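Following: one structure in structure tokens, then a few remarks.
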Amino acid sequence: MILYNDRLVDREDVRIDIEDRGYQFGDGVYEVVSIYEGEIFRLQEHLTRFEYSANQIGITLPVTLEKLQDNLHKLIEHHQLSNGQIYFQVTRGYAPRNHPFPEESHPVLTGYVTRRPRPVESMKNGVAAIITEDLRWLRCDIKSLNLLGSVLAKQKAAEQGAFEAIQHRNGTVTEGSASNLFMVRDNKLYTHPLGNLILGGISRIVVLELAAKLNIEVIEAPFSLEELHQADELFLTSTTSEVMPIVTLDGKPVKNGTPGAVTKQLQEAFSALIGF
Ligand code: PDD
């Protein structure tokens with residue numbers, strides 16, 4: 001079963017038109033949400049961001065957030081999902097191909113669940129990252145279906161055997177292709193401020209809350225590639241990666257090439273929060 005607008009239906013029964021604007025223009029927005037032990041992690045924040053993204057591009061959700069929430073719970077129950085993720089998206093729907101918004105549109109909301117274990121091995125050992133230019137548009141705060149910039153960055157990383165691509169605009173570090181980036185220097189935590197250049201990650205919010213609890217000083221300010229190279233520790237955050245240490249950057253070790261103490265402290269706090 002999958003989610004289709006206001007109902008749960010069999011996947012085989014869903015027909016998406018070839019002129020759906022999500023398919024042709026990437027005209028829509030999405031969310032990825034974690035499930036831990038059958039509980040949806042930070043659903044309210046994800047729903048709020050979903051509505052925000054949709055509003056920013058003038059899509060009216062075809063269901064209320066209450067109904068959506070209800071259906072997401074039903075979907076998890078139906079699949080007896082204990083650990084994994086829910087993906088959902090809304091597009092502006094079908095219309096004969098033409099760039100402006102159609103006069104009448106019927107947004108199409110779909111969603112489905114996937115089982116997946118937490119990436120415990122990489123969280124323990126850390127991952128490799130490369131640096132690449134941020135080629136994305138200037139509304140990265142919208143969780144848009146247009147992911148070509150991110151796809152190309154992530155592919156570049158994959159081709160170099162790395163997990164993530166850290167992006168920069170004219171030497172200012174923004175975020176990963178599918179994650180937010182944090183740097184530790186002199187026990188202080190640095191990350192790019194919210195705004196149009198990064199996605200306001202939900203895991204980013206969680207890490208900022210945990211840092212406050214742990215009395216780790218946080219500086220939400222842009223930093224440069226030079227500063228990135230002088231980091232004591234680096235980690236990325238996302239729904240699928242949680243708190244993920246970066247141990248090499250363009251093939252060179254970050255400090256001694258193992259996950260740092262502040263990163264581990266935040267990882268442990270994150271795990272405690274989700275009950276693992
Ligand atoms: N990516 N920045 C970008 C560009 C992202 O695509 C994501 C998430 C994040 C982290 O956001 P959050 O903590 O809310 O997951 C930051 C998702 C997981 C994806 O596209 O698969």
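Set side by side, the residues Val29, Val14, Val63 differ, and just one is modelled with pLDDT of 95 or more and crowded, with 21+ Cβ neighbours inside 10 Å, which is Val29.
For segment 174-194, the tally of residues that are over 15 Å from Leu147 (Cα atoms) and within 13 Å of the ligand (Cβ to nearest atom) stands at 7. Looking at Gln44, is it open to solvent by 50 Å² or more (accessible area, probe 1.4 Å) and either within 16 Å of the ligand (Cβ to nearest atom) or assigned by TED's automatic domain parsing to the domain that holds Ser238 (or both)? Spelling it out, Gln44 is indeed open to solvent by 50 Å² or more (accessible area, probe 1.4 Å) and either within 16 Å of the ligand (Cβ to nearest atom) or assigned by TED's automatic domain parsing to the domain that holds Ser238 (or both). For segment 208-239, filtered to residues that are more than 15 Å from Thr172 (Cβ to Cβ) and charged (D, E, K, R), the residue that is nearest to the ligand (Cβ to nearest atom) is Glu209.
Here Leu68 does not qualify as at pLDDT 95 or above, within 16 Å of the ligand (Cβ to nearest atom), within 23 Å of Ile142 (Cβ to Cβ) and of a type in the set (A, V, I, L, M, F, W, C).
Only a single criterion out of (1) out of contact with any Lys or Arg (no Cβ under 6 Å at 6 or more places or on another chain); (2) of a type in the set (D, E, K, R); (3) in the same structural domain as Thr237 (by TED's automatic domain parsing) is not satisfied by Asp134, namely (1). Restricting attention to segment 151-167, the residues that are open to solvent by less than 20 Å² (accessible area, probe 1.4 Å) and either more than 13 Å from Leu236 (Cα to Cα) or outside any strand (DSSP E or B) (or both) add up to 3. Just one of the listed residues (Leu266, Leu234, Leu225) is in contact with a Gly (Cβ under 7 Å, 6 or more places away or on another chain) and touching a residue at least 40 places away in the same chain (Cβ under 8 Å), namely Leu225. Restricting segment 253-271 to residues that are under 21 Å from the mean Cα position of the chain (by Cα) and among the aliphatic types (A, V, I, L, M), the residue that is surrounded by the fewest Cβ atoms within 10 Å (Cβ to Cβ) is Ala269. Can you find a residue that is under 30 Å from Phe25 (Cα atoms) and loosely packed, with under 14 Cβ neighbours inside 10 Å anywhere in segment 214-236? So far as segment 214-236 goes, no, none of its residues is under 30 Å from Phe25 (Cα atoms) and loosely packed, with under 14 Cβ neighbours inside 10 Å.
Only one entry in Ile198, Ile205 is among the aliphatic types (A, V, I, L, M), open to solvent by 10 Å² or more (accessible area, probe 1.4 Å) and within 11 Å of the ligand (Cβ to nearest atom), namely Ile205. Within segment 94-110, the set of residues being more than 22 Å from Leu3 (Cβ to Cβ) and open to solvent by 100 Å² or more (accessible area, probe 1.4 Å) comprises Arg97, His99, Phe101, Glu103, Glu104.
The values are calculated or read from the model by the stated rules, or taken from the named source; none is laboratory data. Owing to the predicted nature of the structure, the values given are computational and were not obtained by experimental measurement. Here Cβ is always computed from backbone atoms with ideal geometry, including for glycine, and neighbour counts include all displayed protein chains. Accessible surface areas use protein heavy atoms only, side chains included; no ligands, DNA or RNA. Shrake-Rupley method; radii C 1.70, N 1.55, O 1.52, S 1.80 Å.
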